[in-house]
Amino acid sequence: MHWLSHGVEQLIANTQEEGYAPEVVVVGSGYGGSVAALRFAEHGHSVAVLERGSEYVAGEFPADFGQFGGFVRAEVGGNVERGQGPAAIGYEDALFDFRVGTRATALVGNGLGGGSLINAAVALRPDARVFQQEAWPAPLRDASLDADYARAAQGLEIQSPQLQRASPACVPQHTAKYQRMQEIGQAAADRFGSTRLKVSTEDVPLAIEFRAHAPVDLGPRDACVGCGDCCSGCNHNAKLSLDKTYLPRAAQAGARMFTGGSVLYVLHKPDVAHPGRDWEVHCVRTTERGTWEQSFQGQEGPLNNAYEFVLRAGRVVLSAGTFGSSEILLRSQTHGLPVAHSWLGKGISANGDDLSAAYDMDDTANAVGEGSGAVRAAGDKVGPTISSVIRFHDTQDHTQSTVTEDGGIPGMLAPIVGEALATLGVLPQLARFGLRQSGRRDPLVADPKRTARSLVMLGMGHDSSAGQAHLAKPQSRIAWSWGQGAQDPAPGLHRSRAASVEGVGAEFLPNPASGVLPDKIASVLSGPKADTSWITVHPLGGCRMAASPAQGVVNHQGQVFLPDGSVHTGLLVVDGSVIPTSLGVNPLLTITALAERTCRLLLQDAPARVPQTRTLPPHPPIAPTVKAEPDAPHGSVLAEVLRGPLQPEPETVLPSWWPTGPTSPAAALFLEM
């Protein structure tokens, strides 16, 4: 549904019929792109935001497992040596965008608001020592980011734990999930706490509405009801995703937003016929992205021009994320754009991400969201996806520090969560004699009571940024891989520290990407060890910032380097792809702060003009969320349709009205059983 945006057809019409050519084109609408759209529009520039996904409003996000398939896409595999790009599966504009590479898989968001639509909205600052690493340019190592972080927190409307405790609908600190995390945190402190390693459990600031009287000048909002479905999209107008903060403010300042269009590449082509609009942005309808790729293989020659359309701009801001911005620059390079390439598509970090679980604790965690099920009583709420964090703070080496957060599972995944937990939950029990007793119940069958006593945990830490992205052909999709044999501290640290859940009576289920068997069993098995792989929801890097083109792709202000060390003043990268190292915490606040810094530095000396302000259009009605009918009849229907011309038997006596001649009447026969 469209509220802030128009569809790509409107953009094409404006471009071809009216010569629409904004001063600034922002590619992507995640944290970096939303900040850029607002700040440039506020400064009086005409701004167009191009988003490859769709716009969603509350009620349109999936709530039931039956809807899940329509919201998922994936790009899988790819082989550069063979000139093969990844295969695309699912709808091109689907919300959940999986990038399955070699020894690494990432999940990113696809829609107006980017990853903010499907993340847990956790706003944490990284350890200050992160920015002191040599990989960061000197201006960032030497300067304070406090003002930029403060501006980011204000723009995102981050709500403190104190505000959360005053919520009229759901207090995160009162949920069972939160209480179990406090117990796990205490077990971790008892087990690992030392003079060097400080272990503490803290509440987390969240970009979620908890106020009783929320402002509605940027669209409808309500206090969080604690459904636990933050990561499948908020259907209650409570999560403060970017379509409720930065983007409506950008629209008020005059920015125009278009969904359903994918940017392929950009070129610097000054033209006297288009003064001040020196950049060409080559685009395709998102739904035709696959067709565009296939058009290069036609026997009659490439037909890609039949699908592309071009938008001219004075400045281009790439904010398409690690994979999107890297792909656009890699493809632009093949089309002749001079770009520093030593680090382009390299230095990708998984942010030390980890996924584990505590299975069958002593007490209830109640960590599976409502989804399409019945609304739960006030005392039985899941709460936000993440409500607290266990910090393992290494006082001597920040790369040995990790965090562990509670993870509520979206209710739409409930049908498979219990099965997965039951199956994986048996494996750690194989290292001892006997299984947990459950009466006469098969231990491999999902047990709702054990599922309710289980908790998924999300970890973040530090890695070697050994990910690389490749473009097999100019028309291919980007493929990525993790360096074989890379030395990454996070997986082992997570596997050791998250095992603290055993102190609360749980079976520890480690990250499947690092091996599902207990260490006691895996250590005695013969044969080659399987490669450790990454599963991340926080990919960073690919267009890393640096002091020179020999060390990165952009400078500390996001301007893209040319090979000779100069910069494209009209081509910027403003998103998580510029971050040169892992952060060790949820990155949304840092990406926003760095974007605020970039815009501040670029615009501080530019003369401001009066913005082209406008009033937000009326918000569309909220669609009703899909709810399961527990008493709905069960069964299956076999249906068959027979279509084709009717051919009578040779001796059949036909009625007088039956058509004669070579043309027989067509008919269809419907059978249902």
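The values are calculated or read from the model by the stated rules, or taken from the named source; none is laboratory data. What you see is a predicted model; the values in this text were computed from it and never measured. Don't worry about glycine lacking a Cβ; one is built from the backbone with ideal geometry, like all the others, and counts go over all protein chains shown. Surface accessibility is based on the protein's heavy atoms, side chains included, excluding ligands, DNA and RNA. Shrake-Rupley method; radii C 1.70, N 1.55, O 1.52, S 1.80 Å.
Output the residue which, of all residues in the stretch 39-62 that are assigned to a helix (DSSP H, G or I) and out of contact with any Leu (no Cβ under 8 Å at 6 or more places or on another chain), is surrounded by the most Cβ atoms within 10 Å (Cβ to Cβ). Write out each step before concluding.
Restricting attention to the stretch 39-62, the residues satisfying the condition of being assigned to a helix (DSSP H, G or I) are 39-42.
Okay, now just the ones that are also out of contact with any Leu (no Cβ under 8 Å at 6 or more places or on another chain), so 41-42.
Working: Ala41: 26, Glu42: 20.
Restricting to residues being assigned to a helix (DSSP H, G or I) and out of contact with any Leu (no Cβ under 8 Å at 6 or more places or on another chain), the top hit is Ala41.
Please enumerate the residues belonging to the stretch 192-236 that are of a type in the set (A, V, I, L, M) and in a strand (DSSP E or B). Can you show your working first?
Here is the first cut: in the stretch 192-236, the residues of a type in the set (A, V, I, L, M) are 197, 199, 204, 206-208, 212, 214, 216, 218, 223, 225.
Correct list: Leu197, Val199, Leu206, Ile208.
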> Out of (1) part of a helix (DSSP H, G or I); (2) in contact with a strand residue (DSSP E or B) (Cβ under 7 Å, 6 or more places away or on another chain); (3) at pLDDT 95 or above, the odd one out for Ile390 is which?
Replying inline: (1)
> With (1) open to solvent by less than 10 Å² (accessible area, probe 1.4 Å); (2) in contact (Cβ under 8 Å) with a residue 60 or more places away in the chain as the list, and Phe296 as the residue in question, which single condition is left unmet?
Replying inline: (1)
> Of the residues in the stretch 600-620, how many are over 24 Å from Phe68 (Cβ atoms), surrounded by 10 or more Cβ atoms within 10 Å (Cβ to Cβ) and either among the hydrophobic types (A, V, I, L, M, F, W, C) or out of contact with any Gly (no Cβ under 8 Å at 6 or more places or on another chain) (or both)?
Replying inline: 8
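Hey, could you check the stretch 555-571 for residues that are more than 23 Å from His45 (Cβ to Cβ) and of a type in the set (A, V, I, L, M, F, W, C) and say which is most open to solvent (accessible area, probe 1.4 Å)? Quick ask: steps written out before the conclusion?
So in the stretch 555-571, the residues more than 23 Å from His45 (Cβ to Cβ) come out as 561-566.
Filter once more, keeping what is of a type in the set (A, V, I, L, M, F, W, C): 561-562.
On the way: Phe561: 9, Leu562: 33 Å².
Ranking the qualifying residues of the stretch 555-571, first place goes to Leu562.
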> In the stretch 327-341, which residues are surrounded by fewer than 16 Cβ atoms within 10 Å (Cβ to Cβ) and either basic (Lys, Arg) or at pLDDT 95 or above (or both)?
Replying inline: Thr334, His335, Gly336, Pro338
> Mind checking which residues of the stretch 340-371 are over 17 Å from Gly324 (Cα atoms) and part of a strand (DSSP E or B)?
Replying inline: Asp354, Leu355, Ser356, Ala357, Ala358, Tyr359, Val368
> Does the stretch 550-581 hold any residues that are in a loop (DSSP other than H, G, I, E, B) and closer than 19 Å to Arg141 by Cβ, and which are they?
Replying inline: Ala550, Gln551, Gly552, Val553, Asn555, His556, Gln557, Gly558, Ile579, Pro580, Thr581
>> Pairs needed: first member in the stretch 479-497, within 30 Å of Ile184 (Cβ to Cβ); second member anywhere, among the aromatic types (Phe, Trp, Tyr) and part of a strand (DSSP E or B); C-beta distance under 8 Å; at least 6 residues apart or different chains.
In response: Trp482/Trp534; Leu493/Phe392; Arg497/Phe392
>> Six or more apart or on different chains, Cβ atoms under 6 Å: show the pairs whose first residue is in the stretch 404-420 and modelled with pLDDT under 95 and of a type outside the set (S, T, N, Q) and whose second is open to solvent by less than 50 Å² (accessible area, probe 1.4 Å) and not in a strand (DSSP E or B).
In response: Ala414/Gly371; Gly418/Ala446; Gly418/Thr451; Glu419/Ala446
>> Among the listed residues Gly635, Gly584, identify the single one that is part of a loop (DSSP other than H, G, I, E, B), touching a His at 6+ places or on another chain (Cβ under 7 Å) and either of a type outside the set (S, T, N, Q) or open to solvent by 70 Å² or more (accessible area, probe 1.4 Å) (or both).
In response: Gly584
> Within the stretch 198-212, is there a residue that is under 25 Å from Val504 (Cβ atoms) and of a type in the set (Asp, Glu)?
Replying inline: yes
> Within the set of pairs 6 or more residues apart or between chains, which connect a residue that is within 17 Å of Ala358 (Cβ to Cβ) and open to solvent by less than 40 Å² (accessible area, probe 1.4 Å) inside the stretch 448-472 to a residue that is outside any strand (DSSP E or B) and β-branched (Val, Ile, Thr) with Cβ atoms less than 6 Å apart?
Replying inline: Ala452/Thr364
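Within the stretch 86-165, which strands (runs of 3 or more DSSP E) (wholly inside it) include 2 or more residues that are touching a Ser or Thr at 6+ places or on another chain (Cβ under 8 Å)? First the steps, then the outcome.
Values: elements: 87-90, 96-100, 104-109.
Because the criterion is at least 2 residues that are touching a Ser or Thr at 6+ places or on another chain (Cβ under 8 Å), the strands (runs of 3 or more DSSP E) in the stretch 86-165 that meet it are 96-100, 104-109.
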> When you go through (1) within 28 Å of Gln400 (Cα to Cα); (2) in contact with a Pro (Cβ under 6 Å, 6 or more places away or on another chain) one by one for Thr581, which number turns out not to apply?
Replying inline: (2)
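Can we say Ser349 is at pLDDT 95 or above, more than 30 Å from Arg450 (Cα to Cα), buried (at least 22 other Cβ atoms within 10 Å of the Cβ) and in contact with a helix residue (DSSP H, G or I) (Cβ under 8 Å, 6 or more places away or on another chain)? Break it down stepwise before answering.
Values: at pLDDT 95 or above: yes; more than 30 Å from Arg450 (Cα to Cα): yes; buried (at least 22 other Cβ atoms within 10 Å of the Cβ): yes; in contact with a helix residue (DSSP H, G or I) (Cβ under 8 Å, 6 or more places away or on another chain): no.
No; evaluated as a whole, the condition is false for this residue.
Name the residue that is farthest from Arg191 (Cα to Cα), counting only residues in the stretch 201-218 that are open to solvent by 10 Å² or more (accessible area, probe 1.4 Å) and touching a residue at least 40 places away in the same chain (Cβ under 8 Å). Outline the logic, then answer.
Let us first name the residues in the stretch 201-218 that are open to solvent by 10 Å² or more (accessible area, probe 1.4 Å), namely 201-203, 205, 211-218.
Those still in the list that are touching a residue at least 40 places away in the same chain (Cβ under 8 Å) too: 201-203, 205, 211-212, 218.
Values: Thr201: 14, Glu202: 18, Asp203: 21, Pro205: 27, Arg211: 38, Ala212: 40, Leu218: 47 Å.
Once the filter is applied, the top-ranked residue is Leu218.
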>> Scan the stretch 75-87 and tell me whether some residue there is crowded, with 21+ Cβ neighbours inside 10 Å, among the polar types (S, T, N, Q) and within 23 Å of Pro539 (Cα to Cα).
In response: no
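This table checks each residue for (1) open to solvent by less than 10 Å² (accessible area, probe 1.4 Å); (2) small (Gly, Ala, Ser); (3) in contact with a strand residue (DSSP E or B) (Cβ under 7 Å, 6 or more places away or on another chain).
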| residue | (1), (2), (3) |
| --- | --- |
| Cys231 | no, no, no |
| Gln252 | no, no, no |
| Lys269 | no, no, yes |
| Ala306 | no, yes, no |
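For every residue, the table says whether it meets (1) surrounded by fewer than 17 Cβ atoms within 10 Å (Cβ to Cβ); (2) of a type in the set (D, E, K, R); (3) in contact with a Cys (Cβ under 8 Å, 6 or more places away or on another chain); (4) farther than 23 Å from Gln396 by Cβ.
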site	(1), (2), (3), (4)
Gly101	no, no, no, yes
Val108	no, no, no, yes
Leu112	no, no, no, yes
Asn119	no, no, yes, yes
Asp127	no, yes, no, no
Pro139	yes, no, no, yes
Ser144	yes, no, no, yes
>> Going through Gly379, Gly324, Gly290 one at a time, which residue ends up being under 25 Å from the mean Cα position of the chain (by Cα), exposed (fewer than 15 other Cβ atoms within 10 Å of the Cβ) and part of a helix (DSSP H, G or I)?
In response: Gly290
